[in-house]
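Data first, discussion second: the structure below is written as structure tokens.
Throughout, read-outs are computed from the coordinates displayed, never taken from laboratory work. Just so you know, these numbers come straight off a predicted model, no measurement behind them. Reconstructed Cβ throughout: ideal geometry from the backbone, glycine too, with neighbour counts over all protein chains shown.
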Amino acid sequence: MTNFLEQTFNGLVSGSFLALLALGLAVIFGLLRVVNFAHGAIYMLGAFGAYVLADELGLSFWAALIAVPLGLAVVGVVLERAFIHRLTRLDPLYNFLLTFGLTLILQDLVKARYGVQSSPYAVPSALSGSVDLGLFEFPAYRVFVLAMSVAICVGVWALLTRTRIGMVVRAATERPELTRAFGIDVGRWITPVFGFGVALAGLAGVLAAPMRAVHPLMGADLIIVVFAVVVIGGLGSIFGSVAVGFVIGVLQVWAEAYAPESWRALIAQTLPFLLMAVVLLWRPAGLFGREETA
Amino acid sequence: MLRIDGLNAWYGEAQVLRDVALEVASGEVVTLCGRNGAGKTTLLRSVMGLHTQQRGAISLRGTDLTKKPAHSRARLGLGWVQDDRGSYATLTVTENLTLPPRVGPRSWSLDRIYEMFPNLYERRSSPATKLSGGEQQMLALARVLRMGAELLLCDEPTEGLSPLLVQRVGEILRLVKADGGTVLLVEQNLHFATTVADRHHLLAEGRVVESLDNTEVRNRERELLAYLGI
Ligand SMILES: Nc1ncnc2c1ncn2[C@@H]1O[C@H](COP(=O)(O)OP(=O)(O)OP(=O)(O)O)[C@@H](O)[C@H]1O
Ligand SMILES: [Mg+2]
């Protein structure tokens, strides 16, 4: 029982990364209709950003936690203005290809500079111990990651449901044309929302640095799982993406812990895609998605 | 108030509006009728700035609209009631009402809206798509009232409504008119049209082929209904 709870907790921590990445992807897709393939590379840049700031400037994890997402938000804004914006009038495939190409470039640039081996990043000293959760002890850093992710997801949810900006973003996501006809300049929200989504990926990257291997391809595998998460949750559904992110995280860890020994890795890896296939056949719009409206 | 001149519109190669000229004076309620596919919705969408494959002159109170994006046109006083009612599933009834900015002095307060539409008040915190079709239509009308738009562009607001609700839409439109508002109404129900409007335009194959007043419509109702295929 204790072991089960511990594994579940691990799953939630692992799901935190999926949820944060899926959240950014969903916010971006909702408003821009752009599938940002570069999201995984930005997550990787987030982790490397933390590493470089520590290695070259001696900045702490806490400084990186603020500076890296902000810096990447600026990168996102520039990217949107310089490239993505120009392609939005064309088939969405163009932006998918653009961000795919960008991913390859970013990965290769980082590879050329830092190599393919993992770069070490220490757990911040304040969080290096463990926390007594009653039934079991748990690494403090992991508790922090989970708490931080939940707080951010709840914060974004509150922003979307409790503020006028959130209402406008929801409206523009659901019915862009009608929303313009109601006097709202939908285009004005596109760049900031893209920057925000990118910042979330960067933040996930910083959070990952102390507990996952920091290397150029760390985002490449993860992002494919995140795509599955977003599709299962329903493209553009914020709630669906976050909830499914945590659930997939838990299911993967359970599979690794409890599936028959020789099948573990295979089941854990293919599970998100099996679920995606089943959900797509059963509900093409995803668990929490809606059919498109004008 | 609204002046349209030489308006042509296309979908790809197919031309759906041909040299449409139309005027709506301040305080007037004018209908646009025509068979399915005649181009009524395209005309309203062109005025709203949502249909871009179009050419011609459109002005509101003398302000040229042709270069303005849809959101600026809304802020100049155009209120859009979309043919599918345009309810947001992700917004509550109250949010649906307060989403558009208030653009004119005639803007209704939320209290007045809810007094007029007690059903909406009862469902104010529900997602708008949980409302019945009739309630969603009331919501779409209430939304442009709350906006305080000077010129309402209503696309078949009575379509699919029960006779009782059609009457209700009539009351609302008459109230708008009494309040000094202006309406361009797409309407297939000719009898209803004569109870709310001052003038009527018949659109056929993208052209305005006839303009009639209420007496003419009443006298020729049978012929016109046969023409509209209703
Ligand atoms: N998105 C579109 N793409 C191509 N053709 C279209 C499109 N929308 C409308 N049309 C065509 O343009 C013409 C005018 O359509 P429109 O919707 O303006 O007619 P309408 O008078 O509003 O008809 P209805 O009474 O059915 O609402 C029709 O022939 C229709 O088939
Ligand atoms: Mg129509």
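In this rough spin-label picture, where each label sits 7 Å from Cα along the Cβ direction, the A:Ala151-B:Thr63 distance is 4.6 nm.
Calculated [222 nm] ellipticity per residue, helices only, for chain A: -24500 deg cm²/dmol; basis is -39500 (n - 2.57) per DSSP H run with n ≥ 4, divided by all residues, nearest 500. Sequentially through segment A:123-131, phi angles give Karplus couplings (6.51, -1.76, 1.60; θ = phi - 60°) of 5, x, 4, 4, 10, 7, x, 10, 10 Hz, Gly and Pro residues having no value and appearing as x. Compute the Cα gyration tensor for segment A:1-57, then decide on rounded, prolate or oblate, letting a ≥ b ≥ c be the square roots of its eigenvalues: rounded whenever a/c is under 1.5, prolate when a/b is larger than b/c in the other cases, and oblate in all that remain. Note, shape of segment A:1-57 comes out oblate.
For segment A:24-222, a/c is not less than 1.5, where a ≥ b ≥ c are the root eigenvalues of the C-alpha gyration tensor, and a/b does not top b/c. That puts it in the oblate class. Please compute the contact order of chain A in relative form: average sequence separation of alpha-carbon pairs under 8 Å and at least six residues apart, divided by the residue count, as a percent. Computed over chain A, the figure is 37 percent. Subtracting the Cα-Cα distance of A:Asp55 and A:Ala122 from their residue separation scaled by 0.36 nm leaves 23.0 nm. With both residues required to sit in segment B:2-228, DSSP beta bridges show an antiparallel share near 55%. Sorted ascending by nearby beta carbons within 10 Å, beginning with the fewest, B:Leu110, A:Leu57 become A:Leu57, B:Leu110. Peptide packing for A:189-201, A:118-130, A:247-259 was compared via the average number of neighbouring C-beta atoms within 10 Å per residue; ordered from the highest value, the list is A:189-201, A:247-259, A:118-130.
Ordered by the number of other Cβ atoms lying within 10 Å of each residue's own Cβ, fewest first, A:Trp282, B:Trp80, B:Trp108 fall into the sequence A:Trp282, B:Trp108, B:Trp80.
Take each complete run of DSSP H in chain B, measure how far its Cα atoms stretch along the helix's own axis, and keep only those covering 20 Å or more with mean Kyte-Doolittle hydropathy at least -1.0; list them. Walk me through the numbers before you get to the answer.
Working: long enough: B:133-147 (21 Å, 0.18); B:163-178 (22 Å, 0.76).
Counting only whole DSSP H runs, the qualifying helices are B:133-147, B:163-178.
With a Förster radius of 51 Å applied to the beta-carbon distance between B:Ser72 and A:Ser262, the computed FRET efficiency rounds to 0.20. Estimated from helices alone, the mean residue ellipticity of chain B at 222 nm is -10000 deg cm²/dmol (sum of -39500 (n - 2.57) over DSSP H runs with n ≥ 4, per residue). Rounded to the nearest Hz, the phi-derived 3J(HN,Hα) couplings of segment B:67-72 under the Karplus curve 6.51 cos²θ - 1.76 cosθ + 1.60 (θ = phi - 60°) are 8, 8, x, 3, 5, 6, where x marks glycine and proline.
Modelled spin labels at B:Glu23 and B:Arg35, positioned 7 Å past Cα toward Cβ, are 3.1 nm from each other.
Treating each Cα of the protein assembly as shown as an identical point scatterer and summing with the Debye formula, the log10 of I(q)/I(0) at q = 0.08, 0.10, 0.11, 0.12 Å⁻¹ comes to -0.62, -0.85, -0.96, -1.06.
Given R₀ = 30 Å, FRET efficiency for A:Ile165-A:Leu70 by Cβ-Cβ distance, to 0.05?
Efficiency, from the Cβ-Cβ distance: 0.95.
Here the label points at B:His191 and A:Leu104, each 7 Å from Cα along the C-beta direction, are separated by 6.8 nm in the simple model.
Let me confirm one metric for peptide B:86-93, namely the mean number of other chain beta-carbon atoms within 10 Å of its residues' beta-carbons. If you can, show how the numbers build up before the last one.
Values: counts 8, 4, 9, 5, 15, 6, 2, 0.
Partner-chain Cβ atoms within 10 Å, mean over residues of B:86-93: 6.
Annotation: for a label point projected 7 angstrom from Cα along Cα→Cβ of B:Glu205, residues of segment B:37-54 with backbone N closer than 15 Å are B:37-39. Couplings 3J(HN,Hα) for segment A:191-208, derived from phi with the Karplus relation 6.51 cos²θ - 1.76 cosθ + 1.60 (θ = phi - 60°), are 4, x, 5, 5, x, 5, x, 5, 4, 4, 5, x, 5, 4, x, 4, 4, 6 Hz, where x marks Gly and Pro. Sorted on the mean count of surrounding Cβ atoms within 10 Å across their residues, most packed first, peptides B:7-15, A:214-222 read A:214-222, B:7-15. FRET efficiency for the pair B:Ala89 and B:Glu13, taken as 1/(1 + (r/R0)^6) with r the Cβ-Cβ distance and R0 = 41 Å, rounds to 0.75.
Can you list the residues of segment B:69-107 with backbone N under 13 Å from a point 7 Å past the Cα of A:Arg290, pointing along Cα to Cβ? Label zone hits: B:85-93, B:95-96.
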